[in-house]
Amino acid sequence: MIAIIDYGAGNLRSVAKAIAGLGYEARVTSSPDEVLNADAVILPGVGAAGDTMNSLEALGMADPIRQVVAQNRPFFGVCLGLQVLFGNSEEGGGQRCLDLIPGMVRRLPPHLKVPHMGWNQVSQRMAHPLFEGIPDGANFYFVHSYYADPEEKAIIAGETEYGVSFPSVIIKGNLVATQFHPEKSGDLGLKMYHNFLKFGLGGRYGGHPRHRP
Amino acid sequence: MLTKRINPCLDVTEGRVVKGVSFVQLRDAGDPVELAAFYDREGADELVFLDITASSDARDIMIDVVKRVSEQVFIPLTVGGGLRNVEDMRRILEGGADKVGINTAAVQNPELIREGATKFGNQCIVVAIDAKRLEKEVSLEGPLALGPGSKWEVYTHGGRKPTGIDALKWAKQAVALGAGELLLTSMDADGHQTGYDLELTRAISEAVKVPVIASGGAGTLEHLYEAIVIGKADAVLAASIFHYGTYSIRQAKEYLARKGIAVRL
């Protein structure tokens, strides 16, 4: 079962439908136990870092997320779900986050239109099964006002330009996080979820896609 | 580089897409799911659904449409038409929409923009502005009112009701309250297929720091190009040229790419 963490914000339906359509059992859940018992965990993200952190703490979800990541179990953070993995965010005058990846979340440069909204290219910085069948420089759908700046540059698997070059894909073992929304990025987004589940689950639990991954 | 978006707009009433859709490739040109999937395959960057019935019964039907579309189409969906409060927004977003468009309700109660943005994030809130060029100078009282130098007036209720509000002032106010994007329709140009109101589009786009979607007037591919280059629009919305099959979205994107505009192909 693939757990999609529900902390009361945003459009989880698209994530769940994308995963289910790839042939996996998707469960939208706010239960820490379900997250701990899942084969893979997806932390979707829409909204503000402060609200998200408060909701995750209130649900008792912060520790299960830490455990899943510490055990190197398959985990996918999307958009704000990438940002909250870092130490601190500049959002809302400074917000403490989960601190699973050393680094800061910074505001996009002020001379540009913010949010960075729309389709932009992801330049692949490493060869990885996550990118199987996905061309270098392919477009993905972004909506965000902040970006992550990791201390350890080796985890940057993809980068995107918007006034600044920022990490749009992070890979660290079985932890994957994207600043864009794969569930809103058409066929290539679905392909990325498919690749993640394929390598993350090591073929233990094969998907039978209904979509065109 | 961030690409310029092409967003087809679909008018929906009673769960069906209306307004001259003529695709021979489709089994049923009025089925929102089939049309959405068609535009997705064609390379549409986002889909905009506009509920043109906008009664409370229609809301439930629209939610069902959004649910069905979002099960099969994995690109951003914006839904507007008759949304009056945060609860209306929540239901549409839970149905699978990524953004909600508000127009009349935002003019009547600008705090709705702030409430929606606080609750769902700025990126969810698209303020739609219907603007009409003034024929003569009008001076009214009020911070957003038409005055010397005003060029465009905001209309509500599907373009039926003048408000006395200056479109440029309203655009800035909407963004200050938390709008993440503006959907700007020129009522003068809409439906005429003679090109977007480039002066209006540029004035608003330069005045705000959020993306502006130009709407109203597209008749040729050059019009799309002009809206982006001269009007400085971040996205272009079009209905007729795509629905009637005059041009495909792919043709539009290939044309823009040849002219040096970054698009997703």
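Numerical summary
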item: Share, in percent, of DSSP beta bridges within the range B:110-265 that are antiparallel, nearest 5; result: 40
item: Number of partner chain Cβ atoms within 10 Å, mean per residue of A:185-194; result: 2
item: Stokes-Einstein translational diffusion, the range B:92-139 - Kirkwood Rh over all Cα pairs, 1.002 mPa s, 20 °C, in µm²/s; result: 175
item: Among A:174-184, B:116-126, the order from most to least packed when residues are scored by Cβ within 10 Å on average; result: A:174-184, B:116-126
item: Radius ratio Rg over Rh of chain A, counting only Cα atoms, Kirkwood formula for Rh; result: 0.93
item: Out-of-range pairs (alpha-carbon distance over 28 Å; input B:LYS67/B:LYS209; A:LYS184/B:LYS232; A:LYS17/A:LYS153; A:LYS184/B:LYS4; A:LYS153/B:LYS209); result: B:LYS67/B:LYS209; A:LYS17/A:LYS153; A:LYS153/B:LYS209
item: Ratio of Rg to Rh over the range A:9-55 (Cα coordinates, Kirkwood Rh, two decimals); result: 0.98
item: Dipole magnitude of the range B:151-231 about its Cα centre (Cβ charges: Lys, Arg +1; Asp, Glu -1), debye to nearest 20; result: 340
item: Radius 11 Å from Cβ of A:ALA154, net charge of other residues (Lys, Arg +1; Asp, Glu -1); result: +1
item: Protection proxy ranking, peptides B:179-185, B:161-167, B:108-114, average beta carbon neighbours within 10 Å, highest first; result: B:179-185, B:161-167, B:108-114
item: Cubic angstrom per residue, convex hull over Cα atoms of the protein assembly as shown; result: 135
item: Cβ-based exposure ranking for B:ILE261, A:ILE156, in which fewest neighbours within 10 Å come first; result: B:ILE261, A:ILE156
item: The protein assembly as shown: antiparallel DSSP beta bridges as a percent of all, rounded to 5; result: 40
item: Chain B - share of DSSP beta bridges that are antiparallel (%, nearest 5); result: 25
item: For A:117-124, mean number of other protein chain Cβ atoms within 10 Å; result: 6
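Every read-out reported here was derived from the displayed coordinates using simple, explicitly stated rules and does not represent laboratory data. On a predicted model such as this, the values are computed, not experimentally measured, just so you know. Virtual Cβ from ideal backbone geometry, glycine too; neighbours counted across all protein chains shown.
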